[in-house]
Amino acid sequence: MWILVLHISALLLWCAALLYLPVLMVGVASGRVELQRTHSKVGALERLVFTHLATPAALVAIISGTVVFVFNRTIDGWLMAKLTLVVGLVVCHTLLGLLVLRATTNRGDPWGEHPDGGRPVTMRCVLLAAVQALLIMAILWTVLAKPDVVPVP
Ligand code: HEM
């Protein structure tokens, strides 16, 4: 039971960070959000959230989910469908990391101009946030509704 609680807590943190980061980057790129330079060696807040919150939460969610899976020995079709969607979320997490790297590189001073005016970062953030939101909703529906999914032989 405690592993399941850990699984749900970690996935909630992971999903929150996946939705918060694109919004933060759009805010910074559009100049509406002005960030104080963090004093950690990670530098930009976006990098701090990605490396110290989103990624550890993802790892804990995946490891704890796998432990629950091993204990439960659930190999129902819905769980296979869920894990396929989770692979999609992991791909989005990786793309988000690349976007954070792109958005925070060359930011010499806190209000430095984005080399490309921030527009491509904004478009990609909006698209990624939409795909992530859809994937998260699909995963939650699949794991809570447990639909009869017939695994492909
Ligand atoms: C590799 C990654 C993951 C694995 C192996 C995994 C595995 C599992 C397993 C075996 C359960 C117990 C299901 C049951 O018997 O009721 C579970 C529960 C759950 N998982 Fe995951 N999971 C993973 C990632 C995720 C992600 C990314 C999300 C959400 C975005 C998620 C959401 C949930 C929820 C909400 C529950 C509780 C379902 C309930 O209360 O019935 N999981 N997970």
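Observations, loosely collected:
- Estimated FRET transfer efficiency (V126, T84; beta-carbon r; R0 30 Å; 0.05): 0.75
- Distance between the 7 Å Cα→Cβ label points at R73 and L144: 3.0 nm.
- With both labels modelled 7 Å from their Cα along Cα-to-Cβ, the M137 to T55 distance reads 3.0 nm.
Each value in this text was obtained by applying a stated rule to the coordinates, not by laboratory testing. Note that the structure is predicted; figures quoted are calculated from it, not measured. Note: ideal-geometry Cβ built from the backbone for every residue, glycine included; neighbour counts use all protein chains shown.
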